[in-house]
């Protein structure tokens with residue numbers, strides 16, 4: 001069983017900028033296509049199944065404010081060995097910090 005680590009936006013940005021982590025948007029494809037954290041990949045969380053994430057990378061999950069990604073982190077952590085990073089405050093906190101967002105391409 002893996003661990004969930006809640007991560008603040010500044011720390012997440014450092015991990016992403018250094019290439020140490022990748023980020024997944026667990027919201028719907030429509031929400032992702034409207035706007036997402038720059039560089040995020042779409043992996044909608046269906047509310048039941050763990051996410052299919054790479055085991056060899058630090059993985060950050062984000063949603064709008066942190067609730068859905070928190071639930072996805074919990075379900076996924078139950079299925080893997082390793083850490084899942086949940087972005088505290090989601091894309092809302094990311095934008096509030098002045099970090100870049102972009103339209104998704106799913």
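The values are calculated or read from the model by the stated rules, or taken from the named source; none is laboratory data. Treat the numbers as computed from the prediction; the structure is a model and nothing was measured. Glycine gets a Cβ as well: all are built from the backbone with ideal geometry, and neighbour counts include every protein chain shown.
Among (1) crowded, with 17+ Cβ neighbours inside 10 Å; (2) modelled with pLDDT under 95; (3) touching a helix residue (DSSP H, G or I) at 6+ places or on another chain (Cβ under 9 Å), there is one condition residue 77 misses while meeting the rest; what is its number?
Looking at each condition in turn, residue 77 falls short on (3).
Restricting the first residue to region 66-81 and requiring it to be on the phi < 0 side of the Ramachandran plot, which pairs with a second residue that is part of a helix (DSSP H, G or I) and surrounded by 14 or more Cβ atoms within 10 Å (Cβ to Cβ) meet a Cβ separation below 7 Å and a spacing of at least six or different chains?
Within 7 Å, the pairs are 69/90.
Among the residues of region 70-106 satisfying the criterion of being assigned to a loop (DSSP other than H, G, I, E, B) and in contact with a strand residue (DSSP E or B) (Cβ under 7 Å, 6 or more places away or on another chain), which is nearest to residue 35 (Cα to Cα)? If you could, list the steps in order and put the result at the bottom.
Of all residues in region 70-106, those assigned to a loop (DSSP other than H, G, I, E, B) come to 78-82, 88-89, 97-100, 103-106.
Keeping just the survivors that are in contact with a strand residue (DSSP E or B) (Cβ under 7 Å, 6 or more places away or on another chain) gives 88, 104, 106.
Working: 88: 18, 104: 6, 106: 11 Å.
That would be 104.
Taking the stated definitions as given, is residue 46 under 19 Å from residue 20 (Cβ atoms) and more than 14 Å from the chain's Cα centre (by Cα)?
Details: under 19 Å from residue 20 (Cβ atoms): no; more than 14 Å from the chain's Cα centre (by Cα): yes.
The answer is no for residue 46.
So, of the residues in region 80-95 that are at pLDDT 95 or above and out of contact with any helix residue (DSSP H, G or I) (no Cβ under 8 Å at 6 or more places or on another chain), which turns out to be surrounded by the most Cβ atoms within 10 Å (Cβ to Cβ)?
Only one residue fits best here, namely 91.
Give me the pairs, please: first residue somewhere in region 47-62 and closer than 12 Å to residue 81 by Cα, second residue anywhere and at pLDDT below 90 and assigned to a loop (DSSP other than H, G, I, E, B), beta-carbon distance under 7 Å, and either six or more positions apart or on two chains.
Final answer for the pair search is 55/80; 55/82.
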